[in-house]
Amino acid sequence: MSTPETSRFVRVRVELVLEVDDEEAVTGAALQALADDTELSDAERADSERAVTEDTAEALAHLVDPFDLVSVVPGVELRQASWSSEQIDYDPDSPEWDLDEDDGGENDPEDEEMTVG
């Protein structure tokens, strides 16, 4: 990966399924984060507060920040990130939730490109 033709940019895809067992705690944390955010306008804050109060998934989207995942990784800088959150029906025993299915499994050529070794 040291050739000049190799891109310096890497896309990392992460999918998380979280179980919320205390919606009030999640909502409260999101409301506190919004209250602490000095860069929000009053209108943005009001809209965000309404959203996180009505939807726990929206509250999580305000709390989970991709920057936090990579801020301590040496030698990288986050250039772009997007994320969303939605409530889902989850059955861990369903083949639909097989994580290897989405990424092509062990023999996916994209995975081989990212292998370090």
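The values are calculated or read from the model by the stated rules, or taken from the named source; none is laboratory data. All values derive from a computational prediction rather than experimental measurement. Note: ideal-geometry Cβ built from the backbone for every residue, glycine included; neighbour counts use all protein chains shown. Just the protein is used for accessible areas: all its heavy atoms, side chains included, with ligands, DNA and RNA removed. Shrake-Rupley method; radii C 1.70, N 1.55, O 1.52, S 1.80 Å.
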Pairs where the first residue, in segment 36-54, is within 23 Å of Gln87 (Cβ to Cβ) and the second is exposed (fewer than 12 other Cβ atoms within 10 Å of the Cβ) and at pLDDT 95 or above, C-beta under 9 Å, 6+ apart
Glu49/Ala35
Inspect all residues belonging to segment 70-78 and state whether any of them is open to solvent by 100 Å² or more (accessible area, probe 1.4 Å) and within 17 Å of the chain's Cα centre (by Cα).
yes
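Can you tell which of Asp36, Asp42, Asp55, Asp89 is loosely packed, with under 10 Cβ neighbours inside 10 Å, closer than 20 Å to Glu19 by Cβ and acidic (Asp, Glu)?
Working: Asp36 fails: closer than 20 Å to Glu19 by Cβ; Asp42 fails: closer than 20 Å to Glu19 by Cβ; Asp55 fails: loosely packed, with under 10 Cβ neighbours inside 10 Å.
Matching residue, one of Asp36, Asp42, Asp55, Asp89: Asp89.
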Those residues of segment 3-30 which are loosely packed, with under 10 Cβ neighbours inside 10 Å and either in contact with a Gly (Cβ under 8 Å, 6 or more places away or on another chain) or within 16 Å of Trp83 (Cβ to Cβ) (or both), in sequence order
Arg11, Arg13, Val14, Glu15, Leu16, Val17
Here are Ala46, Ala61: which of them is over 11 Å from the mean Cα position of the chain (by Cα) and not charged (D, E, K, R)?
Ala46
